[in-house]
Each structure stands twice: as C-alpha cells, then as structure tokens.
Amino acid sequence: MKIAKTIVSLLIGLLISIGAGYGSPETQAVPKTDQSAKTKSEIHSRKDFDVYLSKFNNSDYKGFLDYFAERFEMIHVAGNLKSREEVMKFYQFLHSYIKETVIVDRFVMDRDTIAMEARVQIEGIRELTPEAVAASDYPRLKPLNVGQTAIIPQFIHYHTVNGKLVRVECRE
C-alpha cells in the first residue's frame, strides 16, 4: 500500500509539472517577447480603435497615421487620398480652420472590417472663407465662420489587414 501511495504521489507530481505549460489561456502568462513584438499601432479590438480615434480627435497626425498600412486609400470630402503626405496636408489645412471631433454612435467590427455610424462635430476656429476653399485643393469643403458649429452624420467603413488600415471610406 505504501508503494501505491508513493507511485500515485509521483504520478500526480509528474502530471502537474507536465501540465504546467498547457493550462487554459487565462492562466498562462504570455512570454514578454510576444508582448513587446506586438505593434501597438494596430486595431484588433474596440479598445485599440478607441486609442486610434483619440489620436485622430487630438490631431495627432503621426499617431493616427501609424495605424495605416504602407498602401492605403482614404475616401472622403477631400477626395481620394493615398499617401501619408496627402492625408497630412489635408488635415493640417482643415484643422487650421476647424476643430473636428468624431463621436461614435454605432460600432461593429470583425477581423477585417469596422463599420460605424458617427457624428463629426466641427467648430470654426478661424474663418474658412469661400476664397480659401477655392484656393485649396479641397473644393468640396464648405465655408465656416469662427464659432460656427455643425454636426455631420457619417457612415465610416474601415478595412484592415493584419490590424492595419488599408481603406477608410466616409459617407454622409
């Protein structure tokens, strides 16, 4: 009987030590190399998207552009933008005249797609005159006075590949 108890104790100890690396995902620690290897500028969850949107709403152009793939397409009032330089040029122009905030009303995402209904709140911080619009590369913009506000309902669709934005399309 004593030998049986010893064998059972050894088997339990062996099973515990062998099983230590095969616990449920909730109980296993992720190696630090995996955590540091993950690029922070990727969208895999609503939390990731909220970080991206915060960067956009705070005019952190480099920060929000880090979420885009090398090749991408952004379609909205400015036209069809396909480079970081084009996006930077547009938003630097636009945000020199208006404060823009995107407010999410409805949000759905899967691995490769984000679809949302949003309100884009704009407020004039410098007069955007018809002449300034005409002289810009963005003739579809509407003039806006200092202090004037507007809320623009938008449907915004994002396509991602490996967490990076490859297409953004905004429609009223």
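Go through segment 116-154 residue by residue and tally those that are under 25 Å from the mean Cα position of the chain (by Cα) and either on the phi > 0 side of the Ramachandran plot or of a type in the set (Asp, Glu) (or both).
Of the residues in segment 116-154, 2 are under 25 Å from the mean Cα position of the chain (by Cα) and either on the phi > 0 side of the Ramachandran plot or of a type in the set (Asp, Glu) (or both).
Criterion first (touching a Phe, Trp or Tyr at 6+ places or on another chain (Cβ under 9 Å) and of a type in the set (Gly, Ala, Ser)) does Ala150 satisfy it?
No.
Identify the single condition in (1) outside any loop (DSSP other than H, G, I, E, B); (2) more than 23 Å from Ile152 (Cα to Cα) that Arg111 does not satisfy, given that it satisfies every other one.
Among (1) outside any loop (DSSP other than H, G, I, E, B); (2) more than 23 Å from Ile152 (Cα to Cα), the lone unmet condition for Arg111 is (1).
Could you check segment 68-124 and list, in sequence order, the residues that are of a type in the set (Val, Ile, Thr) and in contact with a Ser or Thr (Cβ under 8 Å, 6 or more places away or on another chain)?
Scanning segment 68-124 gives Thr113, Ile114, Val120, Ile122.
Please state which one of Arg167, Arg140, Arg106, Arg126 is at pLDDT below 95 and either in a loop (DSSP other than H, G, I, E, B) or touching a strand residue (DSSP E or B) at 6+ places or on another chain (Cβ under 9 Å) (or both).
Only one candidate passes the filter, namely Arg140.
Here is a yes/no grid of residues against (1) in contact with a helix residue (DSSP H, G or I) (Cβ under 8 Å, 6 or more places away or on another chain); (2) of a type in the set (A, V, I, L, M); (3) over 27 Å from Lys40 (Cβ atoms):
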position: Leu65; (1), (2), (3): yes, yes, no
position: Val108; (1), (2), (3): no, yes, no
position: Arg119; (1), (2), (3): no, no, yes
position: Ile125; (1), (2), (3): no, yes, yes
position: Gly147; (1), (2), (3): no, no, yes
position: Ile152; (1), (2), (3): no, yes, yes
position: Phe155; (1), (2), (3): no, no, yes
position: Gly163; (1), (2), (3): yes, no, no
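Which residues, counting only those in segment 137-168, are among the β-branched types (Val, Ile, Thr) and within 23 Å of Val104 (Cα to Cα)?
Within segment 137-168, Thr149, Ile151, Ile152, Ile156, Thr160, Val161, Val166, Val168 qualify.
Would you please name the residue that is surrounded by the fewest Cβ atoms within 10 Å (Cβ to Cβ), looking only at residues in segment 55-98 that are under 25 Å from Pro143 (Cα atoms) and among the acidic types (Asp, Glu)?
It comes out as Glu85.
Report, by residue number, each residue of segment 46-82 that is aromatic (Phe, Trp, Tyr) and assigned to a strand (DSSP E or B).
Phe68, Phe72 - these are the residues of segment 46-82 that are aromatic (Phe, Trp, Tyr) and assigned to a strand (DSSP E or B).
The values are calculated or read from the model by the stated rules, or taken from the named source; none is laboratory data. Since the model is a prediction, treat every value here as computed from it, not as a measurement. When we count neighbours, we look across all protein chains shown, and the Cβ atoms used for this are built from the backbone with ideal geometry, even at glycine.
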